[in-house]
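> Got a structure for you, questions after.
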Amino acid sequence: MIIVDRETMKNIDAYAINELKIPSICLVERASLAVLNNINLDIRNSFGIVASVGNNGADGMALARNLLSIGKKVEIYIVGDIKKASTDFLINFESCKKMTDKIFEIRTIDDIEFFKNNLEKINTIIDAIFGTGLNRTVSGIYSYVIEIINLSNIFTISIDIPSGYDCDGEMDFGTYVDSDFIVSMQLMKKGLYYDTYFRDKIVVEDIGIAQKAIDKFINI
Ligand SMILES: NC(=O)C1=CN([C@@H]2O[C@H](COP(=O)(O)OP(=O)(O)OC[C@H]3O[C@@H](n4cnc5c(N)ncnc54)[C@H](OP(=O)(O)O)[C@@H]3O)[C@@H](O)[C@H]2O)[C@@H](O)CC1
Ligand SMILES: [K+]
């Protein structure tokens, strides 16, 4: 099994997109379907998608769109400034806005209270806040949201990496999502593999990043 650190994963992602011209929106779509295919849709019918506005959030918006398309109950909670959203986030966010009005921004303590109360009506949380882009301590509204997720005891699936957890397993960024299940994209992340708590809760899914991009940065 190939195990990568954060820098290597980001280099592979960038090479696939910028050099091999693999459209990043295709990778985002494959990532969303990788998560969808790991959800037992017979028992999971109501979802809280909790997303920030980078490409981890983009994966979350694509998943929200796919869940809405099959008629699942979906509520979307955005934590972060939509004005700073990535292109891939906005592409799927635009569709989600056409498919549901249950989209809420979490910015204030009142929003946190609203988020906490609304969680009582769903049975699955999708954690799409941070992935390999996490680069500093989790604070403020982000840490409140993660604490609410962890206190909720609702089954939580993290996209790529538990939000707040250091991809390399070296830094303590304050708080992170206590994921029940993690669907990690393309390659096993070093921090998760060497953490016995998370290692048995993770699946790694191919999302279409070419072997040529992986071989360029992995010396086997
Ligand atoms: N195209 C691709 O590469 C693909 C990526 N994929 C998916 O995207 C994920 C990587 O996406 P990403 O690089 O956009 O970063 P992400 O983890 O969404 O973070 C968002 C932003 O948050 C910020 N931030 C950081 N720390 C923070 C903090 N403590 N508190 C507050 N803000 C903080 C920081 O922005 P800054 O504030 O530094 O400008 C960061 O950019 C990857 O895990 C996978 O799921 C796959 O779909 C495959 C294709
Ligand atoms: K995540």
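> Could you tell me which residue of the stretch 58-83 is most open to solvent (accessible area, probe 1.4 Å), considering only residues that are in contact with a helix residue (DSSP H, G or I) (Cβ under 7 Å, 6 or more places away or on another chain) and farther than 23 Å from residue 120 by Cα?
59
> Considering only the stretch 88-110, state which residues are touching a residue at least 24 places away in the same chain (Cβ under 8 Å) and under 20 Å from residue 54 (Cβ atoms).
Scanning the stretch 88-110 gives 88, 89, 91, 92, 93, 95, 96, 103, 104, 105, 106, 107.
> For the stretch 42-73, which positions are of a type in the set (Asp, Glu) and closer than 25 Å to residue 116 by Cβ?
Within the stretch 42-73, just 59 meets the criteria.
> From the set of residues in the stretch 122-153 that are away from ligand 2 (no atom under 13 Å from the Cβ) and under 16 Å from the mean Cα position of the chain (by Cα), which is surrounded by the most Cβ atoms within 10 Å (Cβ to Cβ)?
Residues of the stretch 122-153 away from ligand 2 (no atom under 13 Å from the Cβ): 122-124, 135-137, 139-141, 143-144, 147-148, 150-153.
Narrowing the set further to residues that are under 16 Å from the mean Cα position of the chain (by Cα) leaves 124, 135, 143, 150.
Values: 124: 23, 135: 11, 143: 16, 150: 17.
Among residues in the stretch 122-153 that are away from ligand 2 (no atom under 13 Å from the Cβ) and under 16 Å from the mean Cα position of the chain (by Cα), the one surrounded by the most Cβ atoms within 10 Å (Cβ to Cβ) is 124.
> Then there is this: Which of the numbered conditions does residue 160 fail, given that it passes all the others? Conditions: (1) in contact with a strand residue (DSSP E or B) (Cβ under 7 Å, 6 or more places away or on another chain); (2) more than 10 Å from ligand 1 (Cβ to nearest atom); (3) on the phi > 0 side of the Ramachandran plot; (4) of a type outside the set (Gly, Ala, Ser).
Against the list (1) in contact with a strand residue (DSSP E or B) (Cβ under 7 Å, 6 or more places away or on another chain); (2) more than 10 Å from ligand 1 (Cβ to nearest atom); (3) on the phi > 0 side of the Ramachandran plot; (4) of a type outside the set (Gly, Ala, Ser), residue 160 comes up short only on (2).
> Taking the stretch 1-36 as the search range and keeping residues that are without any contact (Cβ under 8 Å) to a residue 12 or more places away in the chain and not in a helix (DSSP H, G or I), which one is farthest from ligand 2 (Cβ to nearest atom)?
Step one: list which residues in the stretch 1-36 are without any contact (Cβ under 8 Å) to a residue 12 or more places away in the chain, which gives 7, 14, 17-18, 21, 23.
Keeping just the survivors that are not in a helix (DSSP H, G or I) gives 21, 23.
Details: 21: 26, 23: 22 Å.
Residue satisfying both the conditions and the ranking: 21.
> Separate question: Among the candidates 209, 157, 182, 161, single out the residue that is closer than 18 Å to residue 59 by Cβ, of a type outside the set (S, T, N, Q), buried (at least 20 other Cβ atoms within 10 Å of the Cβ) and touching a Cys at 6+ places or on another chain (Cβ under 6 Å). Let's see the steps before the verdict.
Values: 209 fails: touching a Cys at 6+ places or on another chain (Cβ under 6 Å); 157 fails: touching a Cys at 6+ places or on another chain (Cβ under 6 Å); 182 fails: touching a Cys at 6+ places or on another chain (Cβ under 6 Å).
The match here is 161.
The values are calculated or read from the model by the stated rules, or taken from the named source; none is laboratory data. All values reported here derive from a predicted model rather than from experimental measurement. Don't worry about glycine lacking a Cβ; one is built from the backbone with ideal geometry, like all the others, and counts go over all protein chains shown. Just so you know, the surface numbers come from the protein's heavy atoms only, side chains and all, with ligands and any DNA or RNA stripped out. Shrake-Rupley method; radii C 1.70, N 1.55, O 1.52, S 1.80 Å.
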